[in-house]
Amino acid sequence: MRRPIQPSHRAAWNDPLADHLCGGFFSATRKTQEEAFVRPRYSGIADASIEPLTRCATHLHARCARRGRLQCSLKDNTINFARMLAALRANQFSGNIALEYVWVDWEHCNEVDVLSETTRLKQLLEEASSKLK
């Protein structure tokens, strides 16, 4: 599993050296970043209904969430990351997974410790990924 750093400052996205240091992440994902924001507007979508999308995925933004919360702590998380990684692997996903906790006063995103939760999610994804090998 690759773990590129994704700065939010626009200058990083335009910097060839930053792109090179991140393994081409910026140039590979810029168009999607600029043109797309996908988030279900209703809950209850079955994993099996979403998994076919992994065939088209070029990158993924991951953070813990639950019904009614765009972002939550790992202890409250309802996303099955092990299943998600298995679906990505089954469809030969070769892109990047960016861990994306944010601290903003919007959608309750200021209610978790973003550094601790990023570390916890990184560990969970690494453990789940190692079990798939």
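Any read-out appearing in this document is the output of simple, stated calculations on the displayed coordinates, not a laboratory observation. As the structure is a computational prediction, the values presented were derived from the model and not from experiment. A quick note on method: Cβ atoms are made from the backbone with ideal geometry, for glycine too, and the neighbour counts reach across all protein chains shown.
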Counted neighbours (other Cβ, 10 Å), sorted fewest up, put 30, 63 in the order 30, 63
Loop-resident GluC sites (Glu not before Pro) in the range 40-133 with no more than 16 other Cβ atoms inside 10 Å, DSSP not H/G/I/E/B, are 100, 107, 111
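Using DSSP to define loop residues, name the chymotrypsin sites (Phe, Trp or Tyr not before Pro) in the range 41-133 whose beta-carbon has at most 16 other beta-carbon atoms within 10 Å. Could the numbers behind the result be given before it?
Working: sites: 42, 81, 93, 101, 103, 106; in loops: 42, 93, 101, 103, 106.
Answer in residue order: 42, 103, 106.
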